[in-house]
Amino acid sequence: MIYASNFKTNNTRAYTKEYIKTLDKFISKNSIKDEIYVFPTATSLDIFGDISSNITIGAQNAYPVKNGSYTGEIGLEQLDEFDIKTILIGHSERREILKESQELIAQKFDFFKEQGFRIIYCIGETKEIRDENETMEYLWSEFEGIDLGYEKLIVAYEPIWAIGTGVSAKKEDIDEVLSALRVQVKSPLLYGGSVKSSNIKEIASIKECDGVLIGSASWKVESFCEIIKNGQNQ
Ligand code: 13P
């Protein structure tokens, strides 16, 4: 299984350091073999010393340039400084709130693919799209310009209506979407949207689910560790 924590705009650099140390201790002590990803804020990007080889620190976002004049953005040079080689692209909050177009998303994808980054590529439909039974059509449109054959690709399906609500999508709904995606997507498939310690077992048991991308329930390290613990032996 893959367990990925997306901090979004939460946690300080000091807490991130403590978080990664505590997480690392938990992983070693319990001989956890899963792939663990942590996406802290840009100001907390660091590996903070030696960590287990199955923990990877990634960026939530970056601009598709080495460096230059893009006020407020970070580029490859800033990621390289901390040896960051993993990035989230296409998160619904960047699409909806930050108004990232599919064109810019595809541009970011191409740039970071060229640089050999592991890319966690996010897709997800709104409640309206779902109510109109247009989920799959919409999800495929979010792959426009994206190379599904990229070997370092991980796809995260995060229905927008389940993000941050405390209520995840139903097992049958996740199963249906992931199975439909599987026809064309050979990369690992994650589910995201109100994943927590009480529903991880059920979500991890879904046939095509290779892991989870977690927001709110992963912001405290104890809670993230509990999710990882409860997801064992699936
Ligand atoms: P929540 O786990 O808070 O629903 O957030 C999911 C998410 O957006 C992870 O990227």
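Bear in mind these aren't lab numbers, they're just calculated from the coordinates by the rules spelled out. All values reported here derive from a predicted model rather than from experimental measurement. Reconstructed Cβ throughout: ideal geometry from the backbone, glycine too, with neighbour counts over all protein chains shown.
Brief remarks follow.
- Restricting the stretch 76-104 to residues that are surrounded by 17 or more Cβ atoms within 10 Å (Cβ to Cβ) and of a type in the set (V, I, T), the residue that is nearest to F48 (Cα to Cα): I84
- Scan of the stretch 143-168 for residues that are under 19 Å from G215 (Cβ atoms), in a loop (DSSP other than H, G, I, E, B) and under 17 Å from the mean Cα position of the chain (by Cα), ordered by number: E158, P159, I163, G164, S168
- The residue that is nearest to N10 (Cα to Cα), among those in the stretch 158-172 that are in contact with a strand residue (DSSP E or B) (Cβ under 9 Å, 6 or more places away or on another chain) and more than 9 Å from the ligand (Cβ to nearest atom), is P159.
- Within the stretch 114-142, considering residues that are closer than 28 Å to T86 by Cα and among the β-branched types (V, I, T), the one nearest to the chain's Cα centre (by Cα): I120
- Identity of the residue in the stretch 20-43, under 19 Å from F82 (Cβ atoms) and more than 16 Å from the ligand (Cβ to nearest atom), that ends up surrounded by the fewest Cβ atoms within 10 Å (Cβ to Cβ): T43
- Condition broken by W140, with the remaining ones in (1) surrounded by fewer than 14 Cβ atoms within 10 Å (Cβ to Cβ); (2) on the phi > 0 side of the Ramachandran plot satisfied: (2)
- Among the residues of the stretch 173-193, the one identified as among the hydroxyl-bearing types (S, T, Y) and either in contact (Cβ under 8 Å) with a residue 40 or more places away in the chain or more than 16 Å from T135 (Cα to Cα) (or both) is S187.
- Test: I227 is assigned to a helix (DSSP H, G or I), closer than 30 Å to R13 by Cβ and within 15 Å of the ligand (Cβ to nearest atom): yes
- Those residues of the stretch 170-196 which are more than 22 Å from I105 (Cα to Cα) and either in contact with a Gly (Cβ under 6 Å, 6 or more places away or on another chain) or among the aromatic types (F, W, Y) (or both), in sequence order: S194
- On inspection, I200 does not qualify as in contact with a Pro (Cβ under 7 Å, 6 or more places away or on another chain) and either more than 16 Å from the ligand (Cβ to nearest atom) or touching a residue at least 12 places away in the same chain (Cβ under 8 Å) (or both).
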